[in-house]
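Some notes on the structure that comes next.
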Amino acid sequence: MALFTYDLHVHSCLSPCGDDDMTPCNIAGMAMIAGVKIVALTDHNSCKNCEAFFMACEDYGITPVAGCELTTSEEIHMVCLFEGLKQAMAFDKTIQPYRMPLKNRVEIFGSQPIMGRDDEIIGEEPWFLPAATSLSLNEAAELVRSMGGLAYPAHIDRESNGLLAILGTFPDEPVFELCEVRDKENAQKLAGGRRVVVSSDAHRLTDFAVTLNHIELDCEPDSPPEIIRKALFKKLS
């Protein structure tokens, strides 16, 4: 068993609300400087920068996790994480029909660049990513789980797009045994006995790794990323 620092909710520049300097290489580099071992890339309704992020993390010795922050039809944000990159990219394709075909207005919302290995721009997402999907909370959770991923409500301690702010309480279905907060204070009170993940929801490099959070995993500190991810998903599942 060993303690690992983690942040499982970080946005890249693909999210229009994320700063342009939140590139895959910059995030991986900041993680190394801050001492964060495990980092999940969770852009709004897209996993398209995860491949570049995995390559950047390999260069910096960081264990990457692929995922996204999905917006349900109720406007609830849900963290979706996958143990493998291929699973995440398959999920990215699967949710495309459920996304709102609303053109992104760069002059208002910002750009949505798809990045390559060395932070070069290789494409641009034309549709506005943060818009709600047509998937209900229950449908979204079932879809993620059917594809082997983890699904849990994001930042329940926030008014904006938080499950508790919108529904008032955890629903009977889907069952969530895990939830996320941004602030450890009052976390257990809000979680109602559920296990808690504390993550930054970083949109800027200055947001990332302001405080270090730790999780104990059944593997060695110098284990390969795939072993660390397997231990992480076993712990959170």
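See the values below:
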read-out: First in region 209-222 and free of Cβ contacts under 8 Å to residues at least 60 places away in the same chain, second anywhere and surrounded by 12 or more Cβ atoms within 10 Å (Cβ to Cβ), Cβ under 7 Å, 6 or more apart; value: VAL210/SER200
read-out: Which listed residue, of GLU51, GLU58, is within 15 Å of the chain's Cα centre (by Cα) and under 25 Å from LYS234 (Cβ atoms); value: GLU51
read-out: Counted residues, region 98-154 - those being touching a residue at least 24 places away in the same chain (Cβ under 8 Å), out of contact with any Ser or Thr (no Cβ under 7 Å at 6 or more places or on another chain), of a type outside the set (A, V, I, L, M) and assigned to a loop (DSSP other than H, G, I, E, B); value: 11
read-out: When residues of region 110-137 are limited to those that are of a type outside the set (Gly, Ala, Ser) and surrounded by fewer than 15 Cβ atoms within 10 Å (Cβ to Cβ), the one farthest from GLU75 (Cα to Cα); value: ASP118
read-out: 1 or more residues hydroxyl-bearing (Ser, Thr, Tyr): qualifying strands (runs of 3 or more DSSP E) within region 1-90; value: 2-10, 38-44, 63-71
read-out: Which listed residue, of ALA28, ALA52, is under 21 Å from GLU226 (Cβ atoms) and in contact with a Pro (Cβ under 6 Å, 6 or more places away or on another chain); value: ALA52
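Just so you know, all these numbers are worked out from the coordinates, no wet-lab data involved. None of the values given here were measured: they were computed from a predicted structure. Neighbour counts are summed over all protein chains in view; Cβ atoms, including those assigned to glycine, are modelled from backbone coordinates with ideal geometry.
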